[in-house]
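What follows is a short report on a single structure.
Values in this text are rule-based calculations from the coordinates and carry no lab data. Everything quoted here is computed from the prediction, not taken from an experiment. Reconstructed Cβ throughout: ideal geometry from the backbone, glycine too, with neighbour counts over all protein chains shown.
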Amino acid sequence: MSDLKREETQMGMGKLIVLTGPSGVGKGTLLRSLMERHPELYLSISATTRSPRLGEVEGKDYYFLSRSAFERMIANGEFLEWAEFAGNLYGTPRTAVEEQIRRGQWVIVEIELEGARLIRKAFPEALRIFILPPSLVELEYRIRSRGTETEDAIARRLHRAEVEINAATEFDIQIINDDFEKALDRIETVLFATAMC
Ligand code: 5GP
C-alpha cells in the first residue's frame, strides 16, 4: 500500500471522483455548476498541448503546454495519468491531487476514457461517473454548436465518442445529460449519498 493510500484509508476523508464522458456531452458546464454549489470540492486542473479556445484561461481551464514541456513532465513522472486525445496530450498533474486528498479533500478529475482506466488501477476506490449524451445525433449537434473545432477535429471527437460510450458500463454510475438540472442533481445525489457509505 502506498503512503498516500494508507493515509487516505486512515483518515477516511479524502476522495477521488473521476468524471468522464464524450467530448461535447456537457461535462464542463455540469462541473462549473457543481463547483458553484459546492466550493468545498477541489477541481484538478489538467495540462494539455491543445491550443486555448476563446475565453479559456491559463491555470483556470488548463495549463497550456508545448509538447516538449508536456513530454518533460511525463519523463519526470509528474502526471497521475495522461493520454492522447484527438491529436493532443492531456494529463493530470500528480502533486496537487495527492496533496489535496492527503488533506482530506474531495478531488474531481474530469478526464477521458484511457485516463479513467489508468486511474482505476492507481485508485481502485475512486468513484467513477460517466456522463452520456441523449443520443449521438444530439452530441454531434452540441459539438458543432460550440463552433470551436475544425471538421477534422469534430470527426475525431465523434469517432472517439462512440468508443467511450461503449465503455460507459465500466463506470460505477452512468448519468444521461438530457435535462441539465436533473443531471446536476443526480451527480450531487451520487456524490453525497456515497459519502455516507
Ligand atoms: P477538451 O479538448 O474538449 O477540453 O478535452 C478533450 C478531452 O480530454 C475531454 O474528454 C476531457 O475530459 C479530456 N481531458 C481533459 N483533461 C484531461 C486529463 O488530464 N487527462 C485525460 N486523460 N483526459 C483529459
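First select every other residue whose beta carbon is under 13 angstrom from the beta carbon of L30; then total the charges, Lys and Arg +1, Asp and Glu -1.
Details: positive: K27, R32, R37, R142, K182, R186; negative: E36, E110, D178, D179, E181, D185, E188.
In short, -1.
Taking every DSSP beta bridge that has both residues in the range 3-194, what percent is antiparallel when rounded to the nearest 5? The partial results should precede the final answer.
Numbers: 8 of 26 bridges.
Around 30 percent antiparallel, to the nearest 5.
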Handout entry: Mean separation of Cα contacts under 8 Å (6+ apart) over length of the chain, as relative contact order %
Key = 31 percent
Exercise for the section: With label points built 7 Å along Cα→Cβ from the Cα atoms of E84 and E162, find their separation and express it in nm. Expected result: 2.1 nm
Practice task
Give, as a single signed number, the net charge of other residues whose beta carbon lies under 14 Å from the beta carbon of L136, with Lys and Arg counted +1 and Asp and Glu -1.
Solution key: -1
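So what are the chain's ellipsoid semi-axes, whole angstrom, largest first, if each one is the square root of 5 times an eigenvalue of the alpha-carbon gyration tensor? Write out the running numbers ahead of the final one.
Numbers: eigenvalues 132, 93, 45 Å².
Ellipsoid half-lengths, sorted descending, are 26, 22, 15 Å.
If packing is taken as the mean number of other Cβ atoms within 10 Å per residue, what is the order of 143-152, 174-183, highest first?
Working: 143-152: 12.0, 174-183: 15.5.
Top of the packing list down: 174-183, 143-152.
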Practice task
For R102 paired with D178, estimate the spin-label separation in nm (one decimal), with each label point 7 Å from Cα along the Cα-to-Cβ line.
Solution key: 4.5 nm
Exercise for the section: May I ask you to compute the full-extension gain from D152 to A122, defined as 0.36 nm times their residue separation minus their alpha-carbon distance, rounded to one decimal in nm? Expected result: 7.5 nm
Handout entry: Ranked by how many other beta carbons lie within 10 Å on average, peptides 107-120, 156-169, 48-61, 14-27 from highest
Key = 14-27, 107-120, 156-169, 48-61
Practice task
Have a look at Y141, Y63, Y42 and tell me which one the Gaussian network model of the chain (Cα, springs below 10 Å) gives the largest fluctuation.
Solution key: Y141
Handout entry: Projected label distance in nm at S51 and M13, using a 7 Å step from Cα toward the beta-carbon
Key = 4.5 nm
